[in-house]
Each structure stands twice: as C-alpha cells, then as structure tokens.
Amino acid sequence: MAEYIKKYFSVLLCMLMLWGCLGCAAATKAEDTTKSADAFTRDMGNMPTKNALKYTIKLNSGYSMPVLGLGTWTLRDETCEAAVYTAIKCGYRLIDTARYYGNEEAVGRGIKKAINEGIIKREDLFVTSKIMPGDYTRPDKAIDDSLAALGLSYIDLMLIHQPGSNDEGVYKALERGVHSGKLHSIGISNYYTPEAFERINKIAEIVPAVVQNENHPYYQNTVLQDYLRRYGTVVESWYPFGGRGNTDKVLKNDTIAAIADHHGKTPAQIVLRWQIQAGYIVIPGSSNPAHIAENANVFDFELTADEMQSMKKLDKQARFENW
C-alpha cells in the first residue's frame, strides 16, 4: 500500500506540473520562446515559469532545440517507454537516445503512445539519436535503422557517438541525411577539444550544430564552449549530475547544497539551473516520475552572479568517464 501511495503521488506531481504549463500556455500564445544561444544565456534571469519546457536555443541549422530534456542511457524496454511517455506528459519536448543504448524502439513506443493520445504532435518534439561505432562502416544504413526503430520519418538531431575509424565519413553521411530530409540537424559527441572539433569541421559542408559531451560542476570545459561560439555550435551536457555512481559526489557538494538551501530547491535543480544559465543544453536521465518532474522545475528562479561564480569555482577539469 505504501508503495502504491508513493507511485500515486509521483504521477500526481507530474500531472499537476503539466496542468500548470498548459494553463499558462493558453494565456501566452504570442510569446516567442526561441532564443539564440547568446540571447538565451543573457536573458535566462528574465524567463518566467510559464511554458518552461518550451524554451529553446536556436541552432545554427535554423532549428530550435529545447534547453532541457530527458536522457535515456541505461533505460530499457517498458521502463524506458514509460519514462519517455511520463516526460512528455510532464511537458518535456527533448528526448535523447542512441543506437548504442539499445532502446530506440522503446523510445519510439513512448513517443507513439503520447502522440496517439493527443498529448503531443510529432513536430513539437525534438528527438536525438547517435550513430554508434559499430555502424561507422555503414552510416547511411544506420540512419535508416534508427528511423525504423524509432518509428519516425525524420530525426531532429543525429550525432556521431564518439571519435573512431571513418568518423569523417560518418559525418558526410549525416550531411547526406540532411539533404535527403531524414535529418534536420547534425553534430558530434565526445569530442572535447577545439582540435578534435576542427578535425570534423574542416571536412564539413554543414557546421556541427551541437557537441554533446560529459559536462558537470567538476568538468565544465568552458574552453571548448567559448571556442564553439564562433560557429554558433552549442554544447549539450550528458551526465549533468556526474552519472550513476557519482551523483552523490556532485549533489552532496557543500557549495551546491548551500545554494539549494538559499533558493528552497534541490541540489539537482541547482545543477541544472546553473548549466542552463551558463548556456548548456542538459539531458538528465531518470525513470522516476517524481525526479522527472523535479528536474523540469528549474525555470522559476535564477542564480545570482555570485552563485554562478561559486559554481564556476567547482571546476576541477575532472571527468568521470574516459570516452
């Protein structure tokens, strides 16, 4: 019975949040919630709670990408499907997956369920996937495989999952995907230096729109973020809390806890708010409805300049992963 009550209130919390977003949306139809990367960072402090999960960054591809979404790494089968469906009901519009995760089918089922129930239209969602190294010799077919698994006619953002043999050829396949209409925006993942970025960019006809890397308070990599601004390329953060097994090292940090105390927020919300205010896109992963709703509730407050500086000082240039 206790477990049932816990699940009931978790779902109720998510539904209440969705109701609040929809209620505000009716009164603000004309509001433009799309920002360029620089304008988004500059104006974050002025953003109201309403339509929180509709705030986007304008990519150099011309498409708009939500600044906060759901990551699905390690989520499988029914758990993944339920998490995607729950996130969409809570107002999430960015869903991140990858061929390597083995869950594109489950992500697709969650999306299809939400669309069939009239919760969302396909064009209002932003779906990201990635070509895994095992497919670097067949990248064009890999794009088709992802489309088929997701049950979609196009993918909003397709990334090279990580550096590897023939990754330059993979990027050319991504460009072909854009020209054929199968992909809207393209980019790379796990390329951590300006030199690594330029190795792909120098052969590119289409400048990467996004670089998705490990980023969290202990690894901020502002050097790369600053470098990419010249191209209008945005950094997206996976492992915003350090990843499974490392979250306590981040969320129990004294500085983060003190800031959370000051705002009446959780440490997780402080980390996400800091990253968004600093100009990153974030994709925290969770299958817990309460956590999914909690992670989205970061647009009704702002960190001060001093708090942002305190977060900046946590940077140790220390990653938790090596890929």
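The values are calculated or read from the model by the stated rules, or taken from the named source; none is laboratory data. As the structure is a prediction and not an experimental result, all values here were calculated from the model. Here Cβ is always computed from backbone atoms with ideal geometry, including for glycine, and neighbour counts include all displayed protein chains. For the accessible areas, the whole protein counts, side chains as well, though only heavy atoms, and no ligand, DNA or RNA atoms are used. Shrake-Rupley method; radii C 1.70, N 1.55, O 1.52, S 1.80 Å.
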### Query
Failed condition for Asn246, given (1) within 23 Å of Asn295 (Cβ to Cβ); (2) open to solvent by 10 Å² or more (accessible area, probe 1.4 Å); (3) modelled with pLDDT of 95 or more; (4) not small (Gly, Ala, Ser), with all others met?
(3)
### Summary
Taking the stretch 298-316 and keeping residues aliphatic (A, V, I, L, M), more than 30 Å from Lys89 (Cβ to Cβ) and either open to solvent by less than 50 Å² (accessible area, probe 1.4 Å) or not in a helix (DSSP H, G or I) (or both) leaves Met308, Met311, Leu314
### Query
Out of Val178, Val170, which single residue is β-branched (Val, Ile, Thr), over 23 Å from Thr56 (Cβ atoms) and part of a helix (DSSP H, G or I)?
Val170
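Could you tell me whether Glu205 is open to solvent by 20 Å² or more (accessible area, probe 1.4 Å) and not in a helix (DSSP H, G or I)?
Taking the combined requirement at face value, the residue satisfies it.
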### Summary
Filtering the stretch 282-297 down to residues that are in contact with a strand residue (DSSP E or B) (Cβ under 9 Å, 6 or more places away or on another chain) and open to solvent by 30 Å² or more (accessible area, probe 1.4 Å) yields Gly285
#### Entry: Test: residue in the stretch 155-165 that is open to solvent by less than 20 Å² (accessible area, probe 1.4 Å) and over 19 Å from Tyr239 (Cα atoms)
yes
#### Entry: Tabulated pairs, the stretch 227-241, first open to solvent by less than 10 Å² (accessible area, probe 1.4 Å), second among the small types (Gly, Ala, Ser), C-beta under 6 angstrom, 6+ apart or interchain
Val234/Ala37
#### Entry: Ile115 being touching a Gly at 6+ places or on another chain (Cβ under 6 Å), farther than 20 Å from Glu236 by Cα and either without any contact (Cβ under 8 Å) to a residue 24 or more places away in the chain or buried (at least 22 other Cβ atoms within 10 Å of the Cβ) (or both)
no
### Task
May I ask you to say which residue of Arg273, Arg244 is assigned to a helix (DSSP H, G or I) and among the basic types (Lys, Arg)?
Arg273
### Message
I need the full set of residues from the stretch 78-112 which are open to solvent by 10 Å² or more (accessible area, probe 1.4 Å) and in contact with a Pro (Cβ under 7 Å, 6 or more places away or on another chain), in order please.
### Response
Thr86, Arg93
